[in-house]
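**Student:** The structure under discussion is supplied below as structure tokens; questions concerning it will follow.
The values are calculated or read from the model by the stated rules, or taken from the named source; none is laboratory data. All of these numbers come straight from a predicted model, not from anything done at the bench. Please note: Cβ atoms are built from the backbone with ideal geometry, for glycine as well, and neighbour counts cover all protein chains shown. Note: areas computed on protein heavy atoms with side chains; ligands, DNA, RNA excluded. Shrake-Rupley method; radii C 1.70, N 1.55, O 1.52, S 1.80 Å.
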Amino acid sequence: MTVTDPETLQESEDGEHVARRLRWARERELRAPRSPQHLSTADVFTLGNAVCGFLAIYFTTTGVLIPHLTGETAGGDRRSAAAAVTLLLIGSMCDLADGLVARKLRSSALGAELDNLADLISFGIAPAYFVVVWGMVTPGANQRLSAGIAIVVLLAVVLRLARFSCTTMRPGVFQGMPCPMGAMTVISIVLLNPPFIPAVLGIVAVAALMVSKVEYPKPHGVLATATLCWIVVSMGCLTAWATGVPGGHLLLQVGASLQVSLALMAPLMVIRRKVGDVRARRAESRTH
């Protein structure tokens with residue numbers, strides 16, 4: 001039987017305590033925000049999101065708007081529109097990635113501000129511009145009304161981003177439709193090409209959901225993986241449509257319809273819950 005010297009035991013405990021404190025200090029250092037002069041890995045994805053938004057505007061202008069104004073459209077508008085939407089989907093992937101990376105690695109002091117600015121470009125200005133161009137090139141559309149609706153979309157994104165920066169929500173949810181989902185839903189409505197007035201009403205409804213208090217779940221774990229798979233499938237549908245693959249137009253219609261249905265899922269669940277609460281109160285009052 002070995003008898004441990006009390007002094008040796010105390011030195012061992014002190015050593016373990018020091019090692020733990022060093023490890024905790026190292027973890028705090030790794031997770032502490034960097035100075036504004038340094039960019040983190042998450043910031044690279046954020047900047048990629050901003051670049052995708054700018055390129056989406058570029059393709060919409062050079063491939064859809066300018067050919068329409070000059071009368072030189074020859075099928076390139078469809079490819080350019082698909083490229084613009086694909087870039088916004090890639091921007092959504094970057095937006096999803098920067099949040100995941102920031103939680104795993106340390107973020108920079110610029111992270112939150114960069115994220116808001118990039119989201120404003122990709123999910124505010126780009127889809128609003130897409131709506132403006134759609135109103136100009138679509139027969140039977142009203143240009144001034146489409147411009148007004150585009151402003152509504154832009155302001156909804158600005159208000160939503162500002163509220164997100166100064167409001168603390170319970171973990172795991174967003175208050176209001178997230179900007180990436182709102183942007184892709186607006187573009188999906190345009191790609192479905194419904195009659196002008198129903199399309200306008202749908203876009204206004206999406207803008208209202210972005211500034212509403214309806215709670216949408218944050219993409220973590222399985223939901224994040226499902227979101228990523230959904231984006232990849234949407235890219236495939238857009239590619240099939242742009243290249244003229246047989247059935248590509250049907251794939252586009254199905255994908256856009258599913259996006260609109262996905263955006264409506266949360267408010268429909270809220271309505272269902274409220275209806276259930278009203279029925280429960282009525283049933284309780286009858287029993288009394």
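**Student:** Which semi-axes, in whole Å and largest first, does the equivalent ellipsoid of region 71-194 have when worked out from the alpha carbon gyration tensor as the square roots of 5 times its eigenvalues?
**Tutor:** 30, 17, 11
**Student:** Tell me the carbon and sulfur percent of the accessible area for region 119-241, rounded to whole percent, probe radius 1.4 Å.
**Tutor:** 74 percent
**Student:** Tell me the accessible surface of Tyr58 in square angstrom (1.4 angstrom probe, heavy atoms of protein chains only), to the nearest ten.
**Tutor:** 120 Å²
**Student:** Given R₀ = 30 Å, FRET efficiency for Ser165-Val232 by Cβ-Cβ distance, to 0.05?
**Tutor:** The value I calculate is 0.50.
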